[in-house]
Amino acid sequence: MRSTTARTAAAALSVLAVLLTPATATAASSPGDTIALPVRDALAALPVQTESRTGYERTKFRHWTDADRDGCSTRNEVLLDEAVTAPEQDASCRLTGGSWYSPYDDTYFTAARALDIDHLVPLAEAWDSGASTWTAKERERYANDLDDPRALIAVSATSNRSKADQDPATWTPPAGGYRCTYATDWITIKTRWNLTIDQTEQTALTDILDGCPNTPVQVTLAR
């Protein structure tokens, strides 16, 4: 089950991590390494390439699996982890009660069915940015990434469907106070999975970060 362990570990490691230059972070790192650097440097380190959606199908990313075989799908793992008030959970991992906060639109919900689990960097965007060359197993890992709590997020169905597969050049959260976090987490997940960005995406992220603190980000590389 996904729990606050990942968040706690990340917080602890952030105290110990050495801030790296973009060059060091990208050239001397490999999957499993944890890197830390200011978010503007992390953005600068992302390769800029033209994106292509040729061949994309959502079914190429097997998602909402039960990797640890505890009876709870990835969707329910996220709902359990992010609940403001814990729901009741039966033997089949059906959830009743509970409450959640959707940061995209600064709204609380008391029904799990009102929430979608959003891939912060959408599956189609990941495909455009490098996942088209991955194996099916790598794409499944991406689609069910419970090891970094920024990868999947419980949000209102309305906001998630408004976002769809857009990147920050064409969509940002309606809740303005969340946009710095959104841009920072977007950059972090792209770094984690060794994905590229395109020029308009880079410009949009730069514009958002111009109004944000240059927050240190830390991430364990998945690829």
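The values are calculated or read from the model by the stated rules, or taken from the named source; none is laboratory data. Computed from a prediction, not measured in an experiment: that's the story for all the values here. Counting neighbours? That spans all protein chains shown, and the Cβs are built from the backbone with ideal geometry, glycine included. The protein model used for the area step is the full one, side chains on, heavy atoms only, and it has no ligands, DNA or RNA in it. Shrake-Rupley method; radii C 1.70, N 1.55, O 1.52, S 1.80 Å.
A compact table of results
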| item | result |
| --- | --- |
| Of all residues in segment 91-146 being charged (D, E, K, R) and free of Cβ contacts under 8 Å to residues at least 12 places away in the same chain, the one that is farthest from Asn194 (Cα to Cα) | Arg94 |
| Pair list, Cβ < 8 Å and 6+ apart or interchain, from segment 155-170 residues that are closer than 21 Å to Asn76 by Cα and touching a residue at least 24 places away in the same chain (Cβ under 8 Å) to residues that are assigned to a helix (DSSP H, G or I) and open to solvent by less than 50 Å² (accessible area, probe 1.4 Å) | Ser156/Ala114; Ala157/Ala114 |
| Scope segment 75-101; condition open to solvent by 30 Å² or more (accessible area, probe 1.4 Å), farther than 23 Å from Arg141 by Cα and of a type in the set (A, V, I, L, M, F, W, C); matching residues | Val84, Ala86, Ala91, Leu95 |
| Identity of the residue in segment 53-75, among the aromatic types (Phe, Trp, Tyr) and farther than 19 Å from Val155 by Cα, that ends up farthest from the chain's Cα centre (by Cα) | Tyr56 |
| In segment 102-115, residue farthest from the chain's Cα centre (by Cα) [restricted to those that are of a type outside the set (A, V, I, L, M) and surrounded by fewer than 18 Cβ atoms within 10 Å (Cβ to Cβ)] | Thr110 |
| Test: residue in segment 76-90 that is farther than 17 Å from Leu152 by Cβ, within 23 Å of the chain's Cα centre (by Cα) and of a type in the set (S, T, N, Q) | yes |
| Options Thr54, Thr50, Thr34, Thr65: the member that is open to solvent by less than 30 Å² (accessible area, probe 1.4 Å) and hydroxyl-bearing (Ser, Thr, Tyr) | Thr65 |
